[in-house]
Each structure stands twice: as structure tokens, then as C-alpha cells.
Amino acid sequence: MSFVGIVTHGGAGSPKEWRDGCEHSADIGLKQLLENHSAYEAVLKAVVFLEDDGRYNAGSGSSYRLDGKTIEMDAAVMSSDGKLGAVACISGVKNPVLVASEVVCSPHHILSGAGSVLFARKKGFPEYYPDIRWAKERYEKLLTTFLKKNGDSAAEYEIQDFVKNWNFETASSEIFPLDTVGAVAKDKNGNFAVAVSTGGSGAMLKGRVGDTPLIGSGFFAGAHGAVACTGIGEEIMKKLLAKTVYDLLAQGIAPEAACEKGVRLFPETIPVGVIAVSLEGAGYFSNTGMAAAILERRE
Ligand code: ASP
């Protein structure tokens, strides 16, 4: 029996109430798959929807960095038929994941910072700055967490580490959440694809790049499946989590079990979530709340 399927998520730590957006984006992706479009097109459309939603920390909902005004986003796409593109620390665009899909057609695989913005303009992406309401809400929450030092695992940072390394134009004395989005899919031709996008995680210096645009860390796709990760990027990249879970899929381990094994590599104090699709089916697992949705059709 063959199947097509898609999994979408709204980030490690995203509340269950946000599941509707993941369901809607999975539905958009599934329609693509049923109409014989590729897994690559399906995940792109699904992630664009999540970037535009505004609740998730990606695209229009991206968080501020520690200065309370800088927004820098990461995104990536990959397919089992050889497409690979990513942007890191991009700003002033509506859909970083679409810029990543343009990088696929360039001589490179990753573009970052000012170069990625100029590249986006060259490709016709207009200047766009999201509704600051979302970023402001997140920033205020972050400040409260910092100042209270309430032991929230997602924000166990040493404030002094950030002050010592301050690299914004404004002074550090003026200051102090997760919820990346992602999708993985399998199409009728047996191809797999993954797309991920984020405004970053928790407290961030200017220029900080997380796991999201790093192949094998935040995402991976190959002949055995596709994987997307969410959580604290600094931890995820040390374990090459997406490739680790992909290797489990390649050994024949079912997607949900593979995601769980991947997540269990981290102590529970580190929020992590993984979604995956393989030749067998689709699944996800998180050690914290994570809005997510799976849609499959078997024939
Ligand atoms: N992994 C992302 C990052 O560290 C954040 C997230 O998944 O919510 O940038």
C-alpha cells in the first residue's frame, strides 16, 4: 500500500490551541499531494501558511532579538531529489522559506544576512516588516522570564553572558520563546521534502543562527524520509538531530518512535520536538507542548 502524507508543527512549546493553524497548513499541503504536486511544493505551501499566520515564531510572527527591535529569521528547504537551500539571519522579507527556495536555484546552498536580503530583492521579494504586535508580546514575555529568573527551561540563560557579548548598536542596559514552524511530506512519486522557518529561539544576540538553516541539525531529507526539528537550536545542532532521526528511519524504525528516540537524547529541561515522514508513514514527538498535525491518504 502506498501513501502520501504531511506533518506540520507550530514549534516546541506552542500551545495546543494553535493546532488549527497546523491542521490548516497540513490540509493545504495534502491537497497539493493529492493533486500530484511534489512533496517539495506541498511543504513550501504549508510553511508559507504558517509564516503568514502571525502566531508562530516565523515569518510575520518572528520574535525580536535582545535589543527589542531587530528581527532576523532562518529558513530552509530540502528534498530527496536533490533540492537544498537555506537563508540565515535574513530580515525585511515576508516569507524566508520562499527565499530559501530561490537559493535552491542559485550556485549556493546557504545565504546569510545582508547578502541574503540583497539576493531576495534581486529575486523580486519586496521589503516587508511584520506587524510588531506579535514581536512585542513575545519580547515582553522574554523580559519577564529573564527578570524573574523563574527557572523556565526555555530561558535558562545567564544574563551576564549576553551583556558581555552584546553586539547591538543600543546599550545592553536598555534591555532583556520558541515556536518555529516546519513541515515534512511524502508525495505520490515517493519523493520526500522538508521546509522549516523560524524567528529564532529565546534570548538572541545579533547574527545568531540556530539549527533551522543547518542541514542535518534542523532538517534533513533523503530516500528514506524527511525530518524537521524544533527547540533550542544550540542544543539541537550539537546532536545533528535531524540526521540522527533520519538514520533511524533508514534503519526501518517507525516515524513516531524515531522522533521519540531523537527527543529522548535531551534532558527534559531542554524543549525539543521532531516531526518525520518515512516510507511507512508519518509521526511526531515532543518533550513539551507542541501544536502539530498529521494528514495521510493511503491507496
Ligand atoms: N530551533 C529554533 C532555533 O533555535 C527555534 C525553535 O525551534 O523554536 O532557532
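The values are calculated or read from the model by the stated rules, or taken from the named source; none is laboratory data. Model, not experiment: these values are computed from the prediction. Backbone-built Cβ (ideal geometry, glycine too); neighbour counts: all protein chains shown.
Here are a few things to note about the model shown:
- Residue check for residue 209: farther than 18 Å from residue 67 by Cα and at pLDDT 95 or above: no
- The stretch 167-189, subset at pLDDT 80 or above, touching a helix residue (DSSP H, G or I) at 6+ places or on another chain (Cβ under 8 Å) and within 16 Å of the ligand (Cβ to nearest atom), residue nearest to residue 204 (Cα to Cα): 181
- Search result, residues across the stretch 218-227 that are more than 9 Å from the ligand (Cβ to nearest atom) and within 23 Å of residue 113 (Cβ to Cβ): 219
- Complete set of residues in the stretch 231-252 that are more than 15 Å from the ligand (Cβ to nearest atom) and touching an Asp or Glu at 6+ places or on another chain (Cβ under 9 Å): 249, 252
- Test for residue 82: is it of a type outside the set (D, E, K, R), more than 22 Å from residue 206 (Cα to Cα) and in a helix (DSSP H, G or I): no
- Within the stretch 1-14, the set of residues being over 17 Å from residue 39 (Cα atoms) and over 16 Å from the mean Cα position of the chain (by Cα) comprises 1 only.
- When the residues of the stretch 120-135 are filtered to those that are assigned to a helix (DSSP H, G or I) and at pLDDT 75 or above, the one that is farthest from residue 91 (Cα to Cα) is 122.
- The stretch 190-200, subset under 10 Å from the mean Cα position of the chain (by Cα) and over 15 Å from residue 101 (Cβ atoms), residue farthest from the ligand (Cβ to nearest atom): 199
- Within the stretch 1-29, if we keep just the residues that are within 15 Å of the ligand (Cβ to nearest atom) and part of a helix (DSSP H, G or I), the residue that is surrounded by the fewest Cβ atoms within 10 Å (Cβ to Cβ) turns out to be 18.
- Residues within the stretch 137-166 that are surrounded by fewer than 13 Cβ atoms within 10 Å (Cβ to Cβ) and either modelled with pLDDT of 75 or more or aromatic (Phe, Trp, Tyr) (or both), tallied: 2
- Total residues in the stretch 206-217 satisfying the condition of being near the ligand (Cβ under 10 Å from one of its atoms) and assigned to a strand (DSSP E or B): the figure is 0.
- Filter result for residue 201 (under 20 Å from residue 89 (Cα atoms) and either among the β-branched types (Val, Ile, Thr) or at pLDDT 95 or above (or both)): no
- The set of residues from the stretch 49-77 being within 16 Å of residue 8 (Cβ to Cβ) and buried (at least 24 other Cβ atoms within 10 Å of the Cβ) comprises 50, 51, 56, 57, 58, 59, 61, 75, 76, 77.
- Number of the exception - residue 203 against (1) crowded, with 22+ Cβ neighbours inside 10 Å; (2) of a type in the set (A, V, I, L, M, F, W, C); (3) within 14 Å of the ligand (Cβ to nearest atom); (4) not in a loop (DSSP other than H, G, I, E, B): (4)
- Tally of residues being surrounded by fewer than 24 Cβ atoms within 10 Å (Cβ to Cβ) and in contact with a helix residue (DSSP H, G or I) (Cβ under 6 Å, 6 or more places away or on another chain) across the stretch 223-243: 1
- Across the stretch 85-96, the number of residues qualifying as within 16 Å of the ligand (Cβ to nearest atom) and not in a strand (DSSP E or B) comes to 2.
- Matching entry among 6, 28 (being out of contact with any strand residue (DSSP E or B) (no Cβ under 8 Å at 6 or more places or on another chain) and either among the hydroxyl-bearing types (Ser, Thr, Tyr) or closer than 23 Å to residue 100 by Cα (or both)): 28
- Pair list, Cβ under 7 Å, 6 or more apart: the stretch 44-65 residue closer than 15 Å to residue 99 by Cα and in a loop (DSSP other than H, G, I, E, B), other residue modelled with pLDDT under 95 and not polar (S, T, N, Q): 58/199
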